[in-house]
Amino acid sequence: MRATTPSQDFIRGIWKENPVLIQMLGLCPALAVTNTVKNALAMSAATFFVLTCSSVLISSVKNFIPKEVRISSYILVIATFVTLADMMLQAYAPVQHKELGAFIALIVVNCMILGRQEAFSSRNTVYRSLLDAVGTGIGFTIALIMMGGFREILGIGTFFDISLFGPNFEPWVVMVLPAGGFLMLGFIILGMGVYEQRKQAREAHGEAA
Amino acid sequence: MSFKEEKHGVVKITAAPHVRSAESTTRIMWSVVLSLLPVTAASIWFFGPSAVLVIGASVAGCLLTERLFGGQRNSISDGSAMITGLLLGLCLPAGFPLWMAFIGGVFGIGFGKIIFGGLGQNIFNPALLGRAFLQAAFPVAITTWPGPAPDWWVLRGDNFALPFMSPGAADAVTGATPLGNLKFGDDPVATPLLDLLLGTTSGSLGETSALLILLGGIYLAIRGHLNWHIPVSILVSVFAFSGVFYWLGLSPFSPLFMLFSGGLMLGAWYMATDMVTSPVTHTGCWVFGVSIGLLVVIIRIWGGLPEGVMYAILLMNALVPFINRATQPRKFGSPRGKPEPAAEKES
Amino acid sequence: MNDQTLFSIFFSAMVVNNFTLALFLGLCPFMGVSARVETALRMGLANIFVLVLTSLSAWVLNTYILENAPYLRIISFIIVVASLVQIVEMVVKKIAPVLFRQLGIFLPLMTTNCAIFGLAIFQTNRGYDFLQGIVFAIGAGLGLTLALVLMASIRETSELSDIPAIAKGTGLTLIIAGSLSLAFMGFAGLL
Amino acid sequence: MNERPDTDPIEVKVVDPSQPDTAPETPAEEQVSTLRLVATLAVAGAVAGLLIVLVNLHTKPIIDEYRAEQLRLAVYEVLPGVARYRTLYRVDDALVAQVPEGAKASDFRQAYVGYDETGEMIGVATSRGESGFQDIVLVIFGFEPESGILLGMKVLESKETPGLGDKIFKDQVFVDQFFARPQTPLAAIKKGSGKGLPGEIDAITGATISSKVVVSIINNGIADWQGVLQQADLEQIVPEEAP
Amino acid sequence: MAARLKIPGLPSFRNGVHPPENKDLTSGIPSRRLPFPDEVILPLSQHIGRPAEALVKPGDRVERGDVIAKASGYVSSFVHATASGTVKSIEHWPHPAGAMQPSVRIDVDPHSTQLQRPRLVPHWDEVPAEQLSEEISKAGIVGLGGAAFPMHVKLRPPEDQPVDVLMVNGSECEPYLTSDHRTMLERPEHVHQGIRIVLRALGISRAVIGIEVNKPDAIEIMRETAPTDLDVRVQPLTVKYPQGAEKMLIKAVTGREVPSGKLPASVGALVQNVATTASVAQVFETGQPLIERIITVSGRGIRQPGNWVIPFGTKLSDVIAACGGFTEDASEIVFGGPMMGQSQASLDVPVLKATGGILVLSKSECKRQDILPCIRCGKCIDACPVFLNPQLMGALARVDRFEEMTENNLGDCMLCGCCSFVCPSNIPLSQLFAMSKIQLSRLKAA
């Protein structure tokens, strides 16, 4: 049995087990649609919606689903919510929908979502699955906003379309290109590595002292 | 009685062989730097103080990054960072903002080399990776070729643009490179061959004078400091492929124009021959060279960019580990023509 | 309705808009299964196979079933992809056990491989017809294989180097992927 | 799993002595009948389908309206002064107002014939895509079928390099060149090297390819449509309607 | 690169290197006998195979030429007293190969004439071939080219791989060494007589003497003295290291490549060093077993370089003293040639049967530079005479992936040192391979 408390379920996904930055899940949206913060936010919102709804639904009906058709049912549930998200975005945020394009549909195959269902919702209560989904969703959002933020600031010189450096800023076009996605995620992960290394060194130093 | 007592000195115990060839990595690297000096001097002759500034900035970026993150070993003295800096500087336009050149050096060394473990372990040529990064990041600045200046000491373009700010080169006089002119120009005329050879054309700092690059390269080849198979295979394949396409009427570039224009000479003699990022066997080198030649011709004729040498070399750099695997030397005593492929590893 | 020539579709899917390096599809195998060249090659070949089948099924679905209910696309595609992978697995196991042993572990992984599903979606969005779809699938599959093999061979070589501790693993892989993506930009405009 | 004592029945493993001990899992799994599996999936599918259809009923009008609005805006932009337009479909090089029975509108290329306040035809708008630097560039443009005069241009879709190629729709100076050009075909030339000819379009510095693609789309598009439009009697296909 | 004698048309092998030869230090100096030392140390293991079994005990009197240890198996060899004296002890003593080895210490009689105890040996032409090889075994003859492989084993090739040509190795490709050169110049009739005997032992009649063209006088003298009744040919060879390696010599002379893991007999060849055949001749001429040989003492760290006839067991310090001692900048002592020889830490080590040379290298000769990372220049691949990929194997060795090295044919590596010699980054490749081989055999044993 899991020895976690509900608050741990919630906190875990935000940073310690951040789906993108630590577990390397859902990389496709994290790289493909994060050239601006707006796109990143729209993608996070859609993913958040799908993740939370499927978690709640699956954890509430988990006992009626036979083991053999478990995965198929999860996929069905996820696909349904993705379709809903797709249609609603198209209706209420058409500009964003056009920017994200096919990547909305691709939420279906985001390993992070299916992973949470398989690993958590299928064996926990609705309440805790909700907490877990919200935590993971927030973690995903944080990662995407980080990516989108850095890429937009460097690549366009704006943040949320607000110009930061004035008109003379020379944008680093590469950052909004695919290569920039890989590089930026690489930079962030390297940065986290350096941070971890320093922290460990500090802790080791502290223990020694 | 031991040797040490007898000699009152330090006894050396080393493994065989006890003699070594006079060749050394450091010496190879510095002679590459030496052979690049004429080209550098020519770029200063053609482009004035701007050339000094741009090359200086990229060298500074490379050396500083190497010094700060290059690890314990005295990584500057081996000369490899110097080569990267020089080569990167030589493939930038004269009016390039210094801060961008510096960043190119930092990226090339930092993410092209140090992250792979430093000297000898990189996959991509650091200078070219820096150049590719700059091309992707600042596409306008890097394709702004300054035209002739009224006087030698006049800066070409906006070298002193503030960091992170655009160069104000929008209304500067720009010239087209021979390749760009023939490809996208409104009045496509092939630049005379003599101009290409001497370097009295517009283009990147170091890629203008084919003759001097050729001289430097041949000097290195004679000293055994570069693998002549690579430049020869590249040049032969560019000549052959472009000849075929020219003859079929598919391309506006004559084979000789192809050979002496753009960055081909610099790329073939200095970038592709980077020992670290080229194959280790002769067969591999030929595969590598011929593929680069083919890619150069394809990108130049049909691609969206006037020049394709950089991308051709980078793409083939990525393939080098694969080529190395596929062209292992034949096992001694096994029949000829039957290389010992890595396939045997399977079992 | 799409007027693109077959060659341009093929070339675009393979290198110019490489599925992995430009569209970020198939990243899971790219990051995970690309440690050995042999494995990467097999994974790539398995992918080409399934991609072609997917393209076929998506075309059938689009043309005959979903004509009037485009809103059911996502759900039908994912079901088709999932069942397709299962069926392929069973059929291959029965007909070509050797092939199955070689592809075996990769087939189930493909259900959640975005490249497969992405292909179906892109093909539909761009309105490719039957032949265009097949060519698109082959191009995309070859592009995927190319990226996988390149990455695997580079990683095999890098295993022998002194990678700095912080770059080991994902950091380096991402930087390599970024560099590859930069290099592939040379193909831009080659259509 | 202590949180759900109410729903989780204690699993009692019934060991059938007739079954071999080696496979205790198999009998437990066989207990779930195929019927139940199918039923579960069927129910799930039905619920999912229902949900999707419901939401679709709600959102479809909004989406359709938005699309129509976008198209209307685009047509209005490339045909300055237009008050309303009609859609024509190109079936085998002939123009019809109605799609043939059983065919989908999206299977045919479309032309939008625009009229001003007085009902006078202003021009025809149509869209066309060609391969640009990165991917397809989709452009809608309006022109006069008789004279071939280009009335306006708008880029609908493009993945051209941000900051460079994307100037084909972000750089207003470039875009403005495509309005009311008396002479086609156009020619994209390097800025400053023009000879003052009427068809010249100043290309974007550093994005020659993207600029040329736009020009090529328009040239090819007009060449493609002009004949068809000139042959067809537009008035007859689209009878005048009361405003 | 001193004399790069690349004469077109001369047979050779692919790849290899051209280290500075430095042979003129000693090649013109006729060999002289080194004074008998006060003490000789005779390790029981001077050959490849199992160590010999000692037959003497402390206090025993031995005469020069007496058997003091007998072969302990088929692949083993006899050891003879190299000087008359009294057995002092049998103890562990520093061995040139590194570790301490059981050795017989003999106090040499100070006033002995050091004549050899007479031994009865049958006339070579009158006994069956099998007995020849037995006599050779009893005389303790091993290959003098460096590996010290017991000769009688080589004389019995596998039944299914008959030998049809004897290759006599006079190439002496190691720099500095001139002992084989001197042997050919000074004792050509012994070399040829030895060839005769070996040919008879093998039951064949064809022999090729391979000599690098940097020894024209040796080529000439060997040609002049060659027997006319047998098919003995002198083959000049390109000067290139490692021309004297078995496989390379065979490749150069016959064009055949010995397959990986196979003996030279698989291509019908057998290789013997000229010094070995000369010592065989001596066995049947005077009955003298293998107790001494010509050894080159050279290098710029020794005052009087030269060629000396040295009884085995003479301590290094005695040799150095006889050669005038060290120069000021002497820095390293090597047994064998500079490419494959072994550094010595102690002056107590004795000279062995396989010691072809003693080099005292000065600082300038064995200058070392820092080891830099591999830059994948591929020079080692161009140098490797057996077509290995030292670059890849070196990288694998660095991360302890020994099994993969085997897959890349580590087994074919003969540790010739060409890769280390050319490596611009000074990576000790052959040392890495030697260590890897040891590691692998340990892993296999475990």
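Can you tell me, using C-alpha contacts under 8 Å and at least 6 residues apart, the relative contact order of chain E as a whole percent?
Value for chain E: 19 percent.
Taking every DSSP beta bridge that has both residues in chain E, what percent is antiparallel when rounded to the nearest 5?
65
What are the ³J(HN,Hα) couplings of segment B:204-214, residue after residue, when phi is run through the Karplus curve with 6.51, -1.76, 1.60 and θ = phi - 60°? Round to Hz, x for glycine and proline.
With the stated coefficients, segment B:204-214 comes to 5, 3, x, 9, 8, 9, 4, 5, 5, 5, 4 Hz.
Say we join alpha carbon atoms closer than 10 Å with springs in a Gaussian network model of chain C; which of C:Val98, C:Val80, C:Val50 then has the biggest fluctuation?
Highest fluctuation among the options: C:Val98.
Rounded to the nearest 500, what is the 222 nm mean residue ellipticity of chain B from helices alone, with -39500 (n - 2.57) per DSSP H run of 4+ residues and division by all residues?
Dividing the helical sum by the residues of chain B leaves -16500 deg cm²/dmol.
Where a Cα-Cα gap under 23 Å defines reach, which lysines qualify for D:Lys170, not counting those fewer than 8 residues away within the same chain?
Partners found: A:Lys38, A:Lys98, D:Lys154, D:Lys159, D:Lys190, D:Lys191, D:Lys212.
Just want the answer: with Cβ charges of +1 for Lys and Arg and -1 for Asp and Glu, which residue in D:Val124, D:Gly227, D:Phe178 is farthest toward the dipole's positive end in segment D:123-237?
Result: D:Phe178.
Checking a compactness column here: for chain B, what do you get for Rg(Cα) / (2.2 N^0.38 Å), N being the number of residues?
Compared with the compact-globule rule of thumb, chain B sits at 1.09.
Helix-derived [θ] at 222 nm for chain C: sum -39500 (n - 2.57) over DSSP H runs of at least 4, divide by residue count, nearest 500?
Details: 9 runs with 127 residues, N = 191.
-21500 deg cm²/dmol, from helical runs alone.
Please give the charge dipole size of segment E:307-393, origin at the Cα centre, charges +1 on K and R Cβ atoms and -1 on D and E Cβ atoms. Round to the nearest 20 debye.
Approximately 280 debye in magnitude.
Between E:Ser89 and residues 5 or more places away or on another chain, which pairs have amide H atoms under 5 Å apart, with H built 1.01 Å from N, and which residues are they?
E:Arg105
Taking the square root of 5 times each eigenvalue of the Cα gyration tensor, what semi-axes in Å does the equivalent ellipsoid of segment E:123-210 have, largest first?
Each semi-axis is √(5λ); the values are 23, 15, 14 Å.
So what are the ³J(HN,Hα) numbers for segment B:153-163, from phi and the Karplus equation (6.51, -1.76, 1.60; θ = phi - 60°), rounded to whole Hz, Gly and Pro as x?
Whole-Hz 3J(HN,Hα) from phi for segment B:153-163: 8, 6, 5, 8, x, 10, 4, 9, 4, 5, x.
Using the Karplus equation 6.51 cos²θ - 1.76 cosθ + 1.60 (θ = phi - 60°), what ³J(HN,Hα) coupling, rounded to whole Hz, does each residue of segment E:119-126 give in order, writing x for Gly and Pro?
10, 8, 10, x, 5, 4, 8, 10
State, as an integer percentage, the relative contact order of segment B:30-84 based on alpha-carbon contacts under 8 Å between residues 6 or more apart.
Relative contact order, segment B:30-84: 41 percent.
Which whole-angstrom value gives the distance between the alpha carbon centres of segment E:385-446 and segment A:10-82?
Result: 50 Å between the Cα centres.
For chain A, what does the relative contact order come out to in percent, with C-alpha contacts under 8 Å and a separation of six or more?
33
Considering the alpha-carbon set of segment D:117-202 alone, what are its Rg and its Dmax in angstrom?
Every Cα atom of segment D:117-202 included, Rg and Dmax give 14.0, 43 Å.
Could you work out the Kirkwood radius for segment A:19-132, taking every pair of different alpha carbons, averaging 1/r and inverting it, reported in Å?
Evaluated on segment A:19-132, it is 14.3 Å.
Between D:Glu200 and residues 5 or more places away or on another chain, which pairs have amide H atoms under 5 Å apart, with H built 1.01 Å from N, and which residues are they?
Under 5 Å from the amide H of D:Glu200 lie the amide H atoms of D:Ala187, each far enough along the sequence or on another chain.
If you take the charge dipole of the protein assembly as shown about its Cα centre, with +1 on Lys and Arg Cβ and -1 on Asp and Glu Cβ, which of A:Leu144, E:Leu42, B:Cys285 is farthest toward its positive end?
After comparing all options, I get E:Leu42.
Taking the Cβ-Cβ separation of A:Thr158 and C:Glu159 as r and a Förster radius of 35 Å, what is the calculated FRET efficiency to the nearest 0.05?
Values: r = 41 Å, r/R0 = 1.17.
Once the sixth-power term is evaluated, E becomes 0.30.
With charges only on Cβ, +1 for K and R and -1 for D and E, what is the dipole size of chain E about its Cα centre, in debye, rounded to 20?
The dipole of chain E has a size of about 700 debye.
Using a 10 Å cut-off on Cβ to Cβ distances, tally the other chain neighbours for every residue of A:66-78 and report the average as a whole number.
Across A:66-78, the average partner-chain Cβ count within 10 Å equals 6.
With each run of n ≥ 4 DSSP H residues scored as -39500 (n - 2.57), what mean residue ellipticity at 222 nm is computed for chain E after dividing by its residue count and rounding to the nearest 500 deg cm²/dmol?
Roughly -7500 deg cm²/dmol at 222 nm, from the helical runs in chain E.
Can you spot the lysines whose alpha carbon is less than 22 Å from B:Lys12's alpha carbon? Ignore those fewer than 8 places along the same chain.
In chain and number order, the partners are B:Lys4, E:Lys315, E:Lys363, E:Lys367.
Picking from B:Leu194, B:Ile323, B:Met82, whose Cα lies most toward the positive end of the charge dipole for chain B (charges on Cβ: Lys, Arg +1; Asp, Glu -1)?
B:Ile323
Of all alpha-carbon pairs in segment E:1-150, indicate the percentage at a distance above 29 angstrom.
When every Cα pair of segment E:1-150 is considered, 36 percent fall beyond 29 Å.
Just to be sure I understand the curve: with the Debye formula and one point per C-alpha of chain C, what is log10 I(q)/I(0) at q = 0.08, 0.19 Å⁻¹?
The calculated log intensity ratios at q = 0.08, 0.19 Å⁻¹ are -0.27, -1.27.
For the protein assembly as shown, with only Lys/Arg (+1) and Asp/Glu (-1) charged at the beta-carbon, what is the dipole magnitude about the Cα centre, in debye rounded to 20?
Here the size comes out at about 3140 debye.
Using label points projected 7 Å from each Cα along Cα→Cβ, tell me how many nm separate D:Glu117 and A:Trp15, to one decimal.
Between D:Glu117 and A:Trp15, the simple spin-label model gives 6.4 nm.
Using a Gaussian network model on chain B with a 10 Å cutoff between Cα atoms, which of B:Thr327, B:Thr84, B:Thr208 fluctuates the most?
The residue with the greatest mean-square fluctuation here is B:Thr327.
Translational diffusion coefficient of segment B:47-138 at 10 °C, 1.306 mPa s, Stokes-Einstein with Kirkwood Rh over Cα pairs, in µm²/s as a whole number.
Estimated diffusion coefficient is 127 µm²/s.
Which trypsin sites (Lys or Arg not before Pro) in segment D:96-166 sit in a loop by DSSP (not H, G, I, E or B) and have at most 12 other Cβ atoms within 10 Å of their own Cβ?
Within segment D:96-166, the qualifying trypsin sites (Lys or Arg not before Pro) (loop, at most 12 other Cβ atoms within 10 Å) are D:Lys104.
For A:Thr52, what charge total do you get from the other residues with a beta carbon under 11 Å from its beta carbon, if Lys and Arg give +1 and Asp and Glu give -1?
Result for the neighbourhood of A:Thr52: 0.
Only Cα pairs within less than 10 Å get springs; with that Gaussian network setup on chain B, which residue of B:Gly56, B:Gly263, B:Gly206 has the largest fluctuation?
Of B:Gly56, B:Gly263, B:Gly206, the Gaussian network model singles out B:Gly56 as fluctuating most.
Semi-axes, largest first, in whole Å: what does sqrt of 5 times each Cα gyration tensor eigenvalue give for segment E:293-446?
Ellipsoid semi-axes (Å, largest first): 33, 18, 13.
Just report the Cα centroid separation between segment B:30-91 and segment C:151-166, whole Å.
Answer, in whole Å: 27.
Could you give me the percent of Cα pairs per 20 Å distance bin for the protein assembly as shown, shortest bin first, beginning at zero and ending with the bin that holds the maximum distance?
All Cα pairs, binned at 20 Å, distribute as 9, 29, 28, 20, 11, 3, 0, 0 percent.
At 1.567 mPa s and 4 °C, plugging the Kirkwood radius over alpha-carbon pairs of chain E into Stokes-Einstein gives what diffusion coefficient in µm²/s? Each step should come with its number before you reach the end.
Values: Rh = 22.4 Å.
Estimated diffusion coefficient is 58 µm²/s.
P(r) for segment A:7-208: what percent of alpha-carbon pairs falls in each 10 Å bin, starting at zero?
For segment A:7-208, the pair-distance distribution reads 9, 31, 32, 19, 8, 1, 0.
All of the numbers you see were taken from the coordinates with simple rules; none came from a lab. Treat the numbers as computed from the prediction; the structure is a model and nothing was measured. Neighbour counts run over all protein chains shown; Cβ positions are idealised from the backbone, glycine included.
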